[in-house]
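Colleague: This structure is in structure tokens; I'll ask about it shortly.
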Amino acid sequence: MIPIPRLALGLLLVLTLALFPAEASGPDAFEPLDFDRGANGLGLALRRLGTTARVLYVTAHPDDEHNGILVRLARGLGVRTALLTVTRGEGGQNAIGPELFGALGVLRTGELLALHRYDGVEQYFGRAYEFGYSFSVEETFAKWGRDETVGDIVRVIRAFRPDVILALPLAGEGGGQHHQAAAQLARAAFRDAADPARFPDQGLSAWQALKLYEGGIGGFGGPKDTAVPVSTSVYDPLLGMTWQQLGVRARAMHRCQGASQVATDLGPTEGLFRLVDAEPPVTAREADFLDGVDTTLAGLRRFAPANAALAAKVQALEPLLGAARAAFDPRSPEAAAPALASALAGVRALRDALSGVVGDARARAEIDGRLQDEEQDVEAAFHLAHGLVLEARADDGLVTPGQPLGVSVTLASGVPRAVEVEGLELEAAAGWTVEQRDDGPRAGGAWRSARFELTVAPDARPSQPYWRKLPDRDRNELVVPADETLPWSPPPVWARARLRVAGLATTVRVPAVFRYEGRFVGGERRHTLTVVPGLSLRLDPDVAAVPLAGPRRALEVRVSVRSYARNAGAAAVRLEVPEGFAVDPAGVTLPFAVEGEDAVARFRVTPPAGVRAGTHTLRAVATRDGREHREYIQAVEYDHVERRQLPRPAETRLLALDVRTASSAAVGYVMGSGDALADAIEQLGVPLTRLTADDLVFSDLGRFTTIVTGIRAYETRADLRSAQGRLMRWVEAGGHLVVQYNRAAMNRLAPDAAPPPEGSASPFVPYPATVSSERISDETAPMRVLAPEHPLVTTPNRIGEADWSGWVQERGIQLLVARDPRYRELLAAADPFPYNAGEKRGLLVDARVGQGTWTYVGLVLFRQVPAGVPGGWRLLANLVSRPRVSGQR
């Protein structure tokens with residue numbers, strides 16, 4: 001059996017105690033939340049004692065989960081709860097930064113781990129890749145691979161072995177059909193997991209969960225009289241709030257999806273669920289999805305129902321667990337230690353006796369698995385009652401292959417007289433060497449520390465996702481198959497304290513972390529030890545246009561190199577260019593003196609005359625100490641998630657295409673959120689100025705022919721909203737304002753303002769119009785040009801059928817609903833899906849305003865241009881090539 005280990009609830013750098021084994025959900029390096037410390041943490045840990053139920057929640061993307069329900073289960077009821085997210089949300093938008101596609105999946109993985117600090121839930125993932133918004137279950141099955149994704153869910157069901165499975169609604173009209181697809185796959189997996197003939201190669205024994213429900217956020221599509229309402233408005237004295245309030249705080253970790261709300265609602269809240277399948281069948285009306293599930297220790301007897309000896313031993317253990325729970329005194333957490341010691345000894349004794357009590361091997365394995373959970377839960381509470389805290393602090397956080405480093409391990413105890421330290425140890429990945437330097441008590445025995453010296457394996461693989469997208473499918477392949485279903489590969493270095501507490505052998509285990517001063521609000525930052533290459537290379541630009549028309553011009557390419565090595569040295573940097581391309585100079589030597597130092601090499605690349613149309617790739621290579629480096633290490637790092645990294649090839653793609661721009665064009669650009677189009681405009685050879693708040697208010701805007709606002713700029717830039725009047729006066733005087741897509745926040749004066757009445761016009765448009773949630777999700781949907789001779793589709797590049805081919809993910813989002821005849825719709829398209837039927841406009845809308853023009857762009861150029869789609873570049877060139885005073889329309 002391939003084990004799926006459990007989440008470390010609070011197994012963060014300073015550990016108040018692992019409630020589950022560390023590998024299951026990361027772990028991350030943040031400190032535990034306040035209510036996981038001390039007496040309060042002990043009170044929450046004690047809720048898990050004697051609770052043997054397991055619940056698995058299956059969703060399609062990060063943010064689909066009902067967070068109040070998760071808090072109720074894991075925190076309120078002490079039920080072992082897991083969330084299986086079928087994708088990592090790679091195809092979504094990013095409200096806080098530039099990460100898209102694979103990097104966005106890494107960020108959203110980190111946000112789910114940050115969220116689980118609040119709800120105490122374990123996290124697992126499938127291998128489906130989110131290809132973007134979908135209006136079709138059938139499309140979703142085709143792109144994910146229906147049978148393969150059922151297998152992903154079956155794998156987790158068989159390993160986690162839940163009693164109850166929660167899924168999203170099975171049916172629903174409209175968009176977001178990934179949700180319905182994930183629910184239907186979970187329904188199939190509910191039965192397939194119990195069939196040994198299905199997915200036998202997984203090496204996991206079959207498992208039949210008891211019940212499957214649909215519902216969650218928004219309930220389900222069926223009659224409400226069939227619903228099982230589950231309240232989440234219960235006030236929890238240990239949490240200091242209701243389950244729903246803590247769930248909303250947890251949900252706020254989905255920041256890249258704009259979920260920044262705080263918990264304030266004290267009113268009644270609930271989740272609605274409907275029974276979909278059950279084994280054995282359920283005929284009685286239920287009041288809770290845990291109805292009929294024996295969540296107590298006695299529930300273990302169902303695996304060996306006629307075994308009187310097992311029943312007697314379980315019955316004898318129950319009073320010990322009850323006594324441990326009853327001994328809780330928030331004023332004196334150590335008062336529970338004796339009862340917890342008895343309970344821990346009792347659970348271990350029952351596990352040791354199982355082979356002589358339960359003859360059937362399969363039944364014995366099921367019982368022992370749940371007793372192992374119980375032992376871990378009792379041991380966690382046992383540690384908390386003794387105030388045990390273990391920390392492993394590394395001298396360096398970003399380490400290179402072959403590098404030496406030190407790690408200090410410290411153990412503290414709140415009840416030192418009861419704790420005997422048998423050893424402080426360090427575990428490291430294969431190929432790493434570990435040597436202990438010293439070991440000794442501190443502060444009268446309350447502290448114990450040890451110092452270790454490590455050497456990173458010479459061939460250590462840089463820390464990175466263990467998965468990667470298949471080139472021709474919307475599914476991830478496994479680079480490290482052993483880590484399948486985990487959020488991230490386990491950290492390479494762990495500290496372990498072997499103890500004898502009140503005469504019982506026990507172990508505390510934490511990952512080694514690095515503590516450093518962060519650049520974010522909140523001061524200190526922490527992350528687990530991360531392996532990096534000696535050098536990281538980034539090319540600027542990432543992608544550039546090479547116009548086929550006109551004289552060949554040299555392109556400046558910069559290679560930014562960061563040294564992660566501790567020692568001084570020099571790197572020889574060169575560019576590998578396609579045949580016929582000229583590069584000057586042939587190479588550059590960059591000296592490095594210290595770790596973390598950056599240096600830049602500059603090259604001029606000239607395409608050959610008659611360069612063929614298509615994509616040409618430049619590659620950077622840096623050689624140091626005889627080793628070549630060809631990758632850029634993209635760090636994904638925010639204040640609410642642990643730093644992760646994504647290696648990418650150090651490349652620049654040159655798009656040789658027929659694209660022209662007006663020689664008189666000059667662009668002012670208002671940066672939005674995660675926007676790369678400003679760089680692309682510069683690569684087209686158009687002069688561009690990134691406008692600051694002062695520029696918008698005080699500078700001479702008359703020097704620009706076009707001003708472009710970045711994606712979601714009206715949501716993220718208060719200075720832009722304030723300068724709207726001045727911008728519109730500039731338009732009236734002959735300027736061309738291009739507004740890239742915004743979300744519904746553009747329909748009100750400020751993002752935090754009350755929503756306007758339905759149908760109200762946006763305050764940031766020249767004539768009545770509203771930004772909608774409509775979209776064209778099929779990237780191959782035929783495009784109809786409504787005004788074939790309009791300058792935006794003819795000048796200087798005539799847009800034809802070829803320009804709509806090769807698009808990625810979608811055509812357009814947040815389309816504009818124009819309600820005034822002064823707007824001119826330029827494009828229309830229709831998805832092939834019944835749930836998004838009908839031709840839609842608002843993809844590209846233009847309006848004359850005084851002497852100038854105002855244009856809304858719902859087309860997803862922000863995806864097409866970085867992806868190197870030629871049509872995206874040609875449309876962009878047209879948008880910025882309009883003269884400052886347009887001629888007749």
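Colleague: Set the Förster distance to 30 Å, then compute FRET efficiency between Asp598 and Asp700 from the Cβ-Cβ distance, nearest 0.05.
Modeller: Taking R0 as 30 Å, the efficiency between Asp598 and Asp700 is 0.30.
Colleague: Using modelled amide H (1.01 Å from N, peptide plane; none on Pro or chain starts), what sits under 5 Å from the amide H of Ala565, excluding residues fewer than 5 places away?
Modeller: Placed amide hydrogens put Gly596 under 5 Å from Ala565.
Colleague: What order do you get for Ser563, Ser663, Ser805 when you list them from fewest to most C-beta neighbours inside 10 Å?
Modeller: If I rank by nearby Cβ atoms, fewest first, I get Ser663, Ser805, Ser563.
Colleague: Enumerate the amide H contacts of Gln403 below 5 Å, restricted to partners 5 or more residues apart or on another chain; note that Pro and chain-start residues carry no placed amide H.
Modeller: Amide H neighbours of Gln403, under 5 Å, 5+ apart: Val456.
Colleague: Looking at the stretch 54-293 only, what percent of DSSP beta bridges run antiparallel? Nearest 5 please.
Modeller: Approximately 40 percent, going by the DSSP bridge assignments.
Colleague: Residues of the stretch 699-723 with amide nitrogen under 16 Å from the 7 Å Cα-to-Cβ point of Ala733?
Modeller: 699-707, 723
Colleague: Another question about this same structure. Determine the relative contact order of the chain: mean sequence separation of Cα pairs under 8 Å and six or more apart, normalised by residue count, in whole percent.
Modeller: The normalised contact order for the chain reaches 10 percent.
Colleague: Using 0.36 nm times the number of residues separating Arg437 and Asp639, minus their current alpha carbon distance, what extension gain do you get?
Modeller: Using 0.36 nm per residue and subtracting the Cα-Cα distance, I get 69.3 nm.
Colleague: Within 11 Å, Cβ to Cβ, of Glu65, how many net charges do the neighbouring residues add up to if Lys/Arg are +1 and Asp/Glu are -1?
Modeller: Values: positive: Arg251; negative: Asp63, Asp64, Asp119.
Neighbourhood net charge equals -2.
Colleague: Tell me the label-point distance for the pair Lys224, Arg566, using the 7 Å Cα-to-Cβ offset, in nm and rounded to one decimal.
Modeller: Placing both labels 7 Å along Cα→Cβ, they lie 6.5 nm apart.
Colleague: Right, something else. Could you run the Karplus curve 6.51 cos²θ - 1.76 cosθ + 1.60 with θ = phi - 60° over the stretch 232-237 and give me ³J(HN,Hα) per residue in whole Hz, x for Gly and Pro?
Modeller: Karplus-based 3J(HN,Hα) across the stretch 232-237 equals 10, 9, 6, 6, 10, x Hz.
Colleague: In sequence order, what are the phi-derived ³J(HN,Hα) couplings for the stretch 72-84 according to the Karplus relation 6.51 cos²θ - 1.76 cosθ + 1.60 with θ = phi - 60°, rounded to whole Hz, with x for glycine and proline?
Modeller: 4, 5, 6, 8, x, 9, x, 7, 5, 10, 10, 10, 9
Colleague: Run lengths n ≥ 4 of DSSP H only: what is the helix-derived mean residue ellipticity at 222 nm for the chain, with -39500 (n - 2.57) per run over all residues, to the nearest 500? Walk me through the numbers before you get to the answer.
Modeller: Values: 17 runs with 191 residues, N = 889.
Dividing the helical sum by the residues of the chain leaves -6500 deg cm²/dmol.
Colleague: Pull up the DSSP beta bridges for the chain and report the antiparallel fraction as a percent, rounded to 5.
Modeller: Numbers: 124 of 166 bridges.
About 75 percent, rounded to the nearest 5.
Colleague: In nm, give the distance between the simple-model label positions of Glu427 and Asp288, each being 7 Å from the Cα along the Cα-to-Cβ direction.
Modeller: Here the answer is 3.6 nm between the modelled labels.
Colleague: Pairs of alpha-carbon atoms within less than 8 angstrom and 6+ residues apart define the contacts here; what relative contact order does the stretch 724-876 have, in percent?
Modeller: That works out to 29 percent.
Colleague: Taking the Cβ-Cβ separation of Thr692 and Ala761 as r and a Förster radius of 22 Å, what is the calculated FRET efficiency to the nearest 0.05?
Modeller: 0.15
Colleague: Under 17 Å from a point 7 Å along the Cα-to-Cβ line of Asp625: which residues of the stretch 401-422 have their amide N that close?
Modeller: Hits in the stretch 401-422 for Asp625 at 17 Å: 401-406.
Colleague: Starting from the alpha-carbon convex hull of the chain, give the projected area averaged over all orientations, in nm².
Modeller: On the way: hull surface 156.2 nm².
That works out to 39.1 nm².
Colleague: Apply the Karplus parameterisation 6.51 cos²θ - 1.76 cosθ + 1.60, with θ equal to phi minus 60°, to every residue of the stretch 588-593 and state each ³J(HN,Hα) to the nearest whole Hz, in sequence, with x for glycine and proline.
Modeller: After applying 6.51 cos²θ - 1.76 cosθ + 1.60, I find 9, 9, 10, x, 10, 9 Hz.
Colleague: While we're on this one: Between Asp195 and Glu279, what is 0.36 nm times their sequence separation minus the Cα-Cα distance? Round to one decimal in nm.
Modeller: Numbers: separation 84, 0.36 × 84 = 30.24 nm, distance 1.31 nm.
Gain on extension, Asp195 to Glu279, equals 28.9 nm.
Throughout, read-outs are computed from the coordinates displayed, never taken from laboratory work. What you see is a predicted model; the values in this text were computed from it and never measured. Cβ atoms come from the backbone with ideal geometry, glycine included; neighbour counts cover every protein chain shown.
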